[in-house]
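For reference, the structure discussed in these notes is given below.
Read-outs throughout are calculated quantities, based only on the coordinates presented, and are distinct from any laboratory measurement. It should be emphasised that the depicted structure is a prediction, and the values quoted were computed from it without experimental measurement. We place every Cβ from the backbone using ideal geometry, glycine too, and count neighbours over all the protein chains shown.
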Amino acid sequence: MSRTCLLLILAAGAGTRMKSEVPKVLHKVAGVSLLSHLLCTATQSDVDKICVVIRSGDQAVSDSVEDCSDIFFFEQPDQLGTAHAVLAARDLLKEELDDVVIIFGDTPLIERSDIIELRATLENGADLVLMGFHTDNPRGYGRLLFREGRIKAIIEEEDASDEQKKINFCNAGMIAIKREHLLFLLEKVKNKNRKHEYYLTDIVKLADACGLDIRVLRVEREKYIGINNRVDLAKVEEVWQRKKRHELMLNGVTLQAPESVFFSYDTEIAADVLIEPHVFFGPGVKIDSGTIIHAFSYIEGAVISANTRIGPYARLRSGTQLHPAVKVGNFCEIKKASVGFETKINHNSYIGDAEIGANVNIGAGTVICNYDAYHKHRTTIADGAFIGSNTSLVAPISVGRDSYIASGSVITENVSENTLAFGRARQVNKYEYAKKIRNRLASLEESDG
Ligand code: UD1
Ligand code: CA
């Protein structure tokens, strides 16, 4: 693109309709904030500068951005409307960039291709470019007013007449404008409307009056759902999940009941992975091919190699690394642990802060006691070890190669290689005592009366 561009994200709105202590743009879709979605799209759009307008004192918003080195933040002291918000970045608007693209912080699904199309339309001679969508339910959106095929103005829902409210071609929100016109138009915007706000959308009428070339691009409504309340938030989540499922299936992942599986923004799944119904993926999951995730598993922060079997009802937490052909069965929880080739953790176990070698068998009900109320301690289990059922491994502890731990043990001392370890009281069998004890208990019952 030959023209330079500033991309402005408006994120200062009070977000009253969210009924939340959390600033609206920090609410999450697919495990990441609305703002992160937009910044990710923005940075991929090859613009020259990115700027975010936040509410004064909304430190949490700027703090949430991990790498802000290339991002400019401006504060809007009072939330007096979208035109007023753009003016908060006045200093940048005076600079010599050619164009300005303005996006709303509450429409996280917009795509890079749309930003590029807007910019291309300016390159083709337009002065101001809007985006519009058709919908059966236009409530809450600004309506695009046309006369003789030309866009004349945008009227906001609150100010629209009953007749105008019937218009179902709506303002999607994102606009692009040649910078030379922007400040001049914004300064003319008044707040004579029902909400007493300075509406960015009013620049359309003003631009038309100046004879500027205004164009409208049609977009899909789904990509431009503005999140004003929690219902919209759920709708956007739904759209995002649907797209992700579709993309994964086309890439060779089997989803038996796609609508019951939820992914995060960064979930990576290779071809030939099978996912059964009702599985949730939090951030940081990567799965290699041939793996099966059985139903009702909850997985986050886990790197899962090829040909593993997970679940049903498994919980993998942050820092889990599974090597190929590992099996993790029902009601097993793993966190901050690596598990070696062909190791089995099949039933009801907790594995935390551990390094487990290859071909280890972790018996049913094994628990790593990693926490002493003050610190977390590590456990290592070397290749080929057999951990009997219902063992407690009290960390820090190491279990040697090919060692064997008797079931029911509480292991508090390191076990060296090839060693058989018992950590439980020896069993005592008393012949005929069953009868004795019964008689004694029965006589007590009689005397109790
Ligand atoms: C806005 C548009 C409407 C459009 C809809 C699309 C205006 C006046 N209306 O309505 O035509 O159909 O989006 O989703 O532009 N913001 C600030 N400071 C403010 C006010 C808002 O930064 O003082 C930010 C908000 O954080 C939000 C964005 O601007 O990200 C839009 O504001 P919002 O109040 O959600 O506008 P809508 O009523 O949805
Ligand atoms: Ca909105």
Using DSSP to define loop residues, name the GluC sites (Glu not before Pro) in region 61-99 whose beta-carbon has at most 14 other beta-carbon atoms within 10 Å.
66, 95, 96
Could you give the Stokes-Einstein D for region 112-267 in µm² per second, using the C-alpha Kirkwood radius, 25 °C, 0.890 mPa s?
139
Taking every pair of Cα atoms in the chain, average 1/r, invert it to obtain the Kirkwood radius, and report Rg/Rh to two decimals.
1.18
Surrounding charge for residue 284, neighbours by C-beta under 13 angstrom, Lys/Arg +1, Asp/Glu -1, total +1
If you filter region 348-443 for GluC sites (Glu not before Pro), then keep DSSP loop positions with at most 12 other Cβ within 10 Å, what is left?
413, 432
Cβ-based net charge around residue 396, under 15 Å, with every Lys or Arg adding one and every Asp or Glu removing one:
-1
So what is the relative contact order for the chain, in percent, with contacts set as C-alpha pairs under 8 Å and at least six apart?
8
Of all GluC sites (Glu not before Pro) in region 159-263, the ones in DSSP coil with at most 10 other Cβ atoms within 10 Å are none
Surface/4 of the Cα convex hull for region 346-393, nm²:
3.0
Quick one: net charge of residue 330's neighbours, Cβ under 15 Å, K/R +1, D/E -1?
+2
Alpha-carbon radius of gyration plus Dmax, which is the widest Cα pair, for region 350-449 in Å
19.2, 61
Convex hull projection area averaged over all views, region 90-174, Cα basis, nm²
7.2
Report, please, the projected area of region 259-339 averaged over directions, based on the convex hull of its C-alpha atoms, in nm².
4.1
Among all the aspartates and glutamates, which ones have a C-alpha under 18 Å from residue 376's C-alpha, if same-chain residues fewer than 8 places away are not counted?
333, 353, 355, 413
